[in-house]
1. Apply the Karplus parameterisation 6.51 cos²θ - 1.76 cosθ + 1.60, with θ equal to phi minus 60°, to every residue of segment 70-84 and state each ³J(HN,Hα) to the nearest whole Hz, in sequence, with x for glycine and proline.
2. Any chance you could check the Cα centroid distance between segment 26-49 and segment 54-93 for me, in angstrom?
3. Under unit Cβ charges (Lys, Arg +1; Asp, Glu -1), what dipole magnitude, rounded to 20 debye, does the chain have relative to its Cα centre?
4. Note the angle between two axes, namely the Cα long axis of helix 31-52 and the longest principal axis of the Cα atoms of the chain, as a number of degrees from 0 to 90, rounded to the nearest 10.
5. Do the sum for the chain: with -39,500 (n - 2.57) for every DSSP H run of n ≥ 4, divided by all residues, what is the mean residue ellipticity at 222 nm, to the nearest 500 deg cm²/dmol?
6. Which one, LEU66, ALA39, GLY24, is farthest towards the positive end of the dipole of segment 19-77 when Lys and Arg carry +1 and Asp and Glu -1 on their Cβ?
7. Relative to the compact globular guide of 2.2 N^0.38 Å, what is the alpha carbon radius of gyration of segment 1-56, as a ratio?
Amino acid sequence: MHSEIGCDRLIILISLHTDVRVVGWPLMASPQSTLALIAVYLLVCYVGPKLMQSRKAWDLKKFIVLYNLALVGLSLYMFLEVRLDWNQSLLND
């Protein structure tokens, strides 16, 4: 009972100091969602290794190579877009 009152007071205290610019953002409306995510993360970190103890590891090499190539392509695209925009702004000045 006493801990429930303390948690409620903590939530009210945090809510009073909430930044109004982030009120509509996901996971920013109240501390409960963040605390729930932390609890799930800790549960997965504790239970996950126990569940995977007797299982064979997956071979993700092909997927990781494909993922890295996609990120290199995305980075190149972003670099070229910024460079072209920068060149255009220099020509217009």
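A short reminder: the numbers here are calculations on the coordinates, not readings from a lab. Please read all numbers here as calculations on a predicted model, not as lab measurements. Because the Cβ atoms are built from the backbone with ideal geometry, glycine has one as well, and the counts that use them run over all protein chains shown.
1. 5, 5, 5, x, 5, 5, 4, 4, 5, 4, 5, 5, 5, 5, 5
2. Centre-to-centre (Cα) distance: 30 Å.
3. 640
4. 80
5. -26000 deg cm²/dmol
6. Of the listed residues, the answer is LEU66.
7. Working: Rg = 16.4 Å, N = 56, 2.2 N^0.38 = 10.2 Å.
Taking the Cα Rg and dividing by 2.2 N^0.38 Å, one obtains 1.62.
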